[in-house]
Amino acid sequence: MDNTTLEELKERLLSLKQEIITRIKDNTEKINHIQIKGDEGDFSNAVYSRSIIYDLIEKDRRHLKEIEESLYDIERGLYGKCHKCGKDIEIERMKAKPTAKYCIKCRSVIEANKG
Ligand SMILES: [Zn+2]
């Protein structure tokens with residue numbers, strides 16, 4: 001991977017990271033503001049709203065972890081290399097998904113093994 005592309009993807013990862021951290025913070029505050037009180041209908045609505053936001057936070061946390069792992073790979077000079085076979089990951093794939101860890105070939109093997 002050339003340096004220009006690497007810098008570009010790093011910038012994207014860093015701004016994405018900031019975006020996600022802000023969103024997790026916002027959603028955590030939202031959860032704290034959902035009042036669980038009132039009649040039974042209000043109660044189940046509040047529980048439902050909370051669980052939706054919890055799911056969003058969990059999803060963001062997983063994504064954040066992937067981003068941090070990618071940034072760590074950049075530091076170690078391993079970014080853009082497949083974690084399974086060690087070959088360079090297709091550049092178009094990295095641009096489409098800057099947190100990709102596997103080349104298309106290994107990814108499809110992993111997906112297939114998931115059943
Ligand atoms: Zn591979």
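Every number here is computed from the coordinates shown, using simple stated rules; none is lab data. What you see is a predicted model; the values in this text were computed from it and never measured. Don't worry about glycine lacking a Cβ; one is built from the backbone with ideal geometry, like all the others, and counts go over all protein chains shown.
The set of residues in the range 28-80 being under 30 Å from Met1 (Cβ atoms) and small (Gly, Ala, Ser) consists of Ser70, Gly77, Gly80. The residue pairs whose first member lies in the range 60-79 and is more than 14 Å from Leu14 (Cα to Cα), whose second member is of a type in the set (Lys, Arg) and part of a helix (DSSP H, G or I), and whose beta carbons are closer than 7 Å, counting only pairs six or more residues apart or on different chains, are Asp60/Arg23.
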